[in-house]
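Data first, discussion second: the structure below is written as structure tokens.
The values are calculated or read from the model by the stated rules, or taken from the named source; none is laboratory data. The structure displayed is predicted, hence computed values, not measured ones. With ideal geometry, Cβ positions are generated from the backbone for all residues, glycine too; neighbour counts draw on all protein chains shown. What goes into the accessible areas is simple: the full protein's heavy atoms, side chains included, and nothing from ligands, DNA or RNA. Shrake-Rupley method; radii C 1.70, N 1.55, O 1.52, S 1.80 Å.
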Amino acid sequence: MTKIAAEPFAFELEPSALALVIIDMQRDFIEPGGFGESLGNDVSRLRAIVPTVLRLLLSFRARGLPVIHTMECHRPDLSDCPPAKRDRGAPRLRIGDPGPMGRVLIVGEPGAAILPELAPLPGEIVIEKPGKGAFYATSLQEELTRIGARQLVFAGVTTEVCVQTTIREANDRGYECLLAEDATASYFPQFETATLEMIRAQGAIIGWTATTEQILAGLRDV
């Protein structure tokens, strides 16, 4: 069996059960003027991982392996966005407000779209999720069952929120999770570092981490 050099120990790869999950690489989180920047964040940290995420994406596509994209977004009437999520703090923009790229995090608005360079191809699974985790109120479980995925490679943003939440949800459902540690990012470097340590702690209690180069090396024979 092919192994990926990962932490805390090698990840044994099952190509027939493998899928790539790219979390929330959306304009509102990553581009200047979007929702992320309106909260006072430095979006350049997230923008910096785009080429690395693209390398992973192209590698999976070249091998015909399944790719899943997630988007955090809400219905135009905000019926799936509880006040506890929308009304926190005192940001310049709230979910649903008009912003430079349309209404913030609303389905179909330009800002909610995935970055053009990472845009899904026809046939790739796209999960529109109203929560942080990609399993909550979505069809992700059914899609993974349909394609026979049992091992998930993760990339995307932000590391400590939507990425970590989805990995924890997946781990609870029996999936083996591998996070590409240089293809994920947070607005807060210390949160990113802490999340990587938590995932691989106690003998991969939640999952494994590896660099993109290590993952690609493991895929070369696939």
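See the values below:
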item	result
Sulfur and carbon atoms: percent of accessible area, region 1-74 [1.4 Å]	53 percent
Local electrostatic count at residue 156 - Lys and Arg +1, Asp and Glu -1, tallied over other residues with Cβ under 11 Å	-2
Calculated FRET efficiency for the pair residue 147/residue 121, C-beta based, R₀ 22 Å, to 0.05	0.90
Whole-angstrom gap from region 111-185 to region 7-26, using each part's C-alpha centre	10 Å
Per residue, in Å², the accessible surface of the chain once ligands and nucleic acids are set aside, probe 1.4 Å	43 Å²
Distance between modelled label sites at residue 172 and residue 92, nm, 7 Å Cα→Cβ extension	3.6 nm
Length added when fully stretched, residue 58-residue 136, from 0.36 nm per residue minus Cα-Cα	25.3 nm
FRET efficiency estimate (nearest 0.05) - Cβ-Cβ, residue 201 to residue 12, R0 22 angstrom	0.65
Protection proxy ranking of 92-98, 75-81, 23-29 - average other beta-carbon atoms within 10 Å, highest first	23-29, 92-98, 75-81
Charge sum, other residues only, whose C-beta stays under 14 Å from residue 8's C-beta, Lys/Arg counted +1 and Asp/Glu -1	-3
Rounded to 5, percent antiparallel among DSSP beta bridges of the chain	20 percent
Two-site FRET efficiency, residue 217 against residue 107, from Cβ-Cβ distance with R₀ of 41 Å, rounded to 0.05	0.60
Proximal charge balance of residue 112 [Cβ under 9 Å; K/R count +1, D/E count -1]	-2
Partner aspartates and glutamates for residue 129 [C-alpha distance under 16 Å; skip if fewer than 8 residues away on the same chain]	24, 28, 72, 77, 80, 109, 142, 143, 169
